[in-house]
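The structure appears right after this line, and notes come after that.
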Amino acid sequence: SVQRAFHHEGFIIFSSLVVFLLFPFLCRHIDVTSAPVDPGILSIVIMAVLTFLVFKSVTWIVIRIIWPVFHQYSEGDFEQDFRGLYPLHKVLIYLGFYVLLLMSMVFIMGGLL
């Protein structure tokens with residue numbers, strides 16, 4: 001269900017935020033010479049995951065508020081309509097969706113850096 005997925009996504013965002021905030025202390029505990037906010041590769045990965053999840057959640061909240069008809073369609077009829085498509089159309093939709101997610105993530109990370 002969408003409601004359950006939203007709560008699951010919220011839990012993942014909360015967990016990622018906690019890991020991001022606790023990471024400097026854990027890193028300092030393991031390596032006392034590290035800086036309080038170590039700009040290492042692990043911090044960047046945690047920040048990227050957190051950024052993506054927050055972006056995804058905010059996007060769905062905005063869609064739900066601004067365009068409720070699309071939200072209702074995605075909950076009820078989209079899956080059945082998608083199953084009726086030809087395999088080529090399914091692949092194009094999958095790849096298009098993946099490219100959109102990838103490019104949005106690249107633009108978000110570009111804006112953060």
* Asked: Fully extended, how many nm does the chain gain between Val54 and Leu100 (0.36 nm per residue separation, minus their Cα-Cα distance)?
  -> 15.0 nm
* **Virtual spin-label span in nm between Phe82 and Val69, 7 Å along Cα→Cβ** => 2.1
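Values quoted throughout were computed directly from the atomic coordinates according to the rules given, and no laboratory measurement underlies them. Bear in mind the structure is a predicted one, so any value in this text is a computation, not a measurement. Reconstructed Cβ throughout: ideal geometry from the backbone, glycine too, with neighbour counts over all protein chains shown.
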